[in-house]
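To start, the structure itself, in structure tokens.
The values are calculated or read from the model by the stated rules, or taken from the named source; none is laboratory data. Keep in mind that what you see is a predicted model, and the values were worked out from it rather than measured. Methodologically, a virtual Cβ is constructed for each residue, glycine included, from the backbone with ideal geometry; neighbour enumeration extends over all protein chains shown.
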Amino acid sequence: MKRFLKFITSKLFLINLLLVIILIALIFIILNVYLNSYTNHGEAVTVPTLIGVNTDEAIEIIETNGFKYEITDTVFDSKFDKNVIVEQIPKSESLVKNGRKIYLTVNSSEDEMVSMPQLVGLSIRQVNSMIETYGLKIGKLRYVPDVAVNVVIKQLHNGDETDAGSKIKKGSEIDLVLGLGLSDKTTHTPKLLGLTYKEASNKLLDAFLNTGAVNYDESVKNKKDSANAKVYKQYPLSDTINKINLGYNVDIWLTIDKDILKSFDKKENEGNNN
């Protein structure tokens, strides 16, 4: 034991121990420098925001910032403009290694096409309840004398009769020719104030009337505003006494300003009471 203690306290042992410590430290420093250089450790960069950006512009941004890219999918999304980025991986503002590949999903530059359904022979109520499942909208209604009252006689796209199964652009409006019966049918003008465009359009269809001019005021700035906007004025005014012909156009004005809605609702009520 004394010999061992004498050995580890000897000058030769201490010198050798110091040399081993220095060697280990040098190896650690060299490995650390090499690994940092190999992995770019501490050189994280921020992923740019690409969603909503035109694809060509997005690619230019990616390459300018030293990234790589891959377009993994193309979709149809009506919430975005054509040919823009709708999804990116990694997400924007993420910290990643320089040179990282960014995976992109692009909104198609082409129109999505759907098959024209068979509407002829259906009632307007049936058409109204199912046409959105085909990605289409009801356009103008036109009534002609026919024994099949409120039943579709013709289906028109861009003014032309269109057969079921024909490929048309998704979101297209389909105009309908309906049977009026053998006499001039009339209906009351419903009250539309306070309804959204979709609600007002459906209510007019239920009354066998057309949505005429659609006017948004300056408070409506974007798609979200237009979806939430409500009718503050209509022409003709709602009327529970006088009637108008089926297929008549009813113009509407929409806003998201609550004060305007209250003001015009009061005016119409006063007008109907006079």
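Working only within the stretch 229-248, note down all residues that are part of a strand (DSSP E or B), out of contact with any Phe, Trp or Tyr (no Cβ under 8 Å at 6 or more places or on another chain) and either of a type in the set (S, T, N, Q) or at pLDDT 90 or above (or both). Before you say what the answer is, go through the steps one by one.
Let us first name the residues in the stretch 229-248 that are part of a strand (DSSP E or B), namely 230-235, 239-245.
Filter again for out of contact with any Phe, Trp or Tyr (no Cβ under 8 Å at 6 or more places or on another chain), leaving 230, 235, 239-244.
Passing the criteria: Lys230, Tyr235, Thr240, Asn242.
Close Cβ contacts (under 6 Å, 6 or more residues apart or on different chains) running from residues in the stretch 47-58 that are over 23 Å from Lys97 (Cα atoms) to residues that are β-branched (Val, Ile, Thr) and buried (at least 17 other Cβ atoms within 10 Å of the Cβ) comprise Gly52/Val84; Asn54/Val84. When the criteria are applied in full, Ser226 fails the requirement of being among the small types (Gly, Ala, Ser) and either in a strand (DSSP E or B) or modelled with pLDDT under 90 (or both).
Just one of the numbered conditions (1) modelled with pLDDT of 90 or more; (2) within 23 Å of Asn158 (Cα to Cα) is not true of Tyr69: (2). Among the residues of this structure, Asn245 counts as one that is polar (S, T, N, Q) and surrounded by fewer than 16 Cβ atoms within 10 Å (Cβ to Cβ). Residue pairs whose Cβ atoms lie under 9 Å apart, sitting 6 or more positions apart in sequence or on different chains, and linking a residue in the stretch 212-236 that is closer than 17 Å to Val250 by Cα to a partner that is surrounded by fewer than 12 Cβ atoms within 10 Å (Cβ to Cβ) and among the aromatic types (Phe, Trp, Tyr), do not occur here. Residue under question is Tyr134, and the condition is that it be aromatic (Phe, Trp, Tyr) and surrounded by 14 or more Cβ atoms within 10 Å (Cβ to Cβ); does it hold? Yes: the conditions hold for Tyr134.
Cβ-Cβ contacts under 9 Å between residues 6 or more apart (or on different chains), taken from a first residue in the stretch 157-172 that is more than 13 Å from Lys137 (Cβ to Cβ) to a second residue that is basic (Lys, Arg) and surrounded by 12 or more Cβ atoms within 10 Å (Cβ to Cβ), are listed as Glu161/Lys154.
Is it true that some residue in the stretch 143-158 is within 30 Å of Tyr69 (Cβ to Cβ) and more than 19 Å from the chain's Cα centre (by Cα)? No, that holds for no residue. Applying the set (1) within 20 Å of Ile124 (Cα to Cα); (2) not assigned by TED's automatic domain parsing to the domain that holds Met130 to Tyr232 leaves exactly one unmet item: (1). If the condition is being crowded, with 19+ Cβ neighbours inside 10 Å and either modelled with pLDDT under 85 or in a helix (DSSP H, G or I) (or both), then the stretch 249-263 contributes only Leu261. Assessment of the stretch 144-155 against the conditions (in contact with a Gly (Cβ under 8 Å, 6 or more places away or on another chain), farther than 30 Å from Phe264 by Cβ and touching a residue at least 40 places away in the same chain (Cβ under 8 Å)) yields at least one matching residue. The condition (being outside the structural domain of Thr72 (by TED's automatic domain parsing), surrounded by 10 or more Cβ atoms within 10 Å (Cβ to Cβ) and modelled with pLDDT of 80 or more) is satisfied by just one residue among Ile59, Ile27: Ile27.
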